[in-house]
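Take a look at the structure below.
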Amino acid sequence: MKSLAELQAIKEKMKDKVVLREGSNEIRVVVGMATCGIAAGARPVLNAFVEGVNNNGLSEKVSVSQTGCIGICQYEPIVEIFEAGKEKVTYVKVDAEKADRIVKEHLKGGKVVAEYTLASVNA
């Protein structure tokens, strides 16, 4: 890299590949990435959400970010989804395969995947 213009070109090229950000999008996906979450496999889950949001054309309405401990370590990896005017949805024991289904059915289709939620575990 020899110039600021080169750096700017790299930034523009990568912009579509990265949705991991804080934002004021309609939907926020938050993945628990404390030590307990990472040990349980949260990193591939975070990557699956980022890729799923990009691949499904949702990057304008969905932001993906990470947080520290959510406080219910026995259910890691944990993903919380926040939508304006709706109750928070907490998904538990999420893996990359479940993340893909959540992206397609919940984020894209608008239907909560009830069997993956904290409520279903406590029922």
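Read-outs: derived from the displayed coordinates by stated rules, not from any lab. What you are looking at is a predicted structure, and each value in this text was computed from that prediction instead of being measured. Virtual Cβ from ideal backbone geometry, glycine too; neighbours counted across all protein chains shown.
Observations on the model:
- Gain on full stretching of the segment that runs from ASP100 to GLN74 - 0.36 nm per residue minus C-alpha separation: 7.2 nm
- Mean separation of Cα contacts under 8 Å, 6 or more apart, over the residue count of the chain: relative contact order %: 27
- Binned Cα-Cα distances of the chain, short to long, each 10 Å bin given as a whole percent: 14, 44, 29, 10, 4, 0
- Between 0 and 90 degrees, the angle of helix 4-15 with respect to the longest Cα principal axis of the chain falls at about 30 degrees.
- Top positive-direction residue, dipole computed over the chain with Cβ charges, set CYS69, ASN47, ILE102: ASN47
- Segment ALA84..ALA9, full-extension length gain: 23.5 nm, with 0.36 nm per residue of separation and the alpha-carbon distance subtracted.
- Extreme residue, positive dipole direction of the chain, given options VAL31, ASN56, GLY85 (C-beta unit charges): ASN56
- For the chain, Cys with no neighbouring Cys Cβ under 4.7 Å: CYS69
- Highest average packing first - 101-108, 26-33, Cβ atoms within 10 Å: 26-33, 101-108
- Antiparallel content of DSSP bridges confined to the chain, in %, to 5: 55
- Förster-model FRET efficiency, 25 Å R0, GLU26 and LYS111, C-beta, rounded to 0.05: 0.95
- Where labels lie 7 Å past Cα in the beta-carbon direction, separation of LYS93 and ALA39 in nm: 1.8
- Test item: Cα-centred dipole of the chain, Lys/Arg +1 and Asp/Glu -1 on Cβ, debye: 220
- For segment 35-81, the Kirkwood hydrodynamic radius comes to 11.4 Å, computed from all pairs of different C-alpha atoms.
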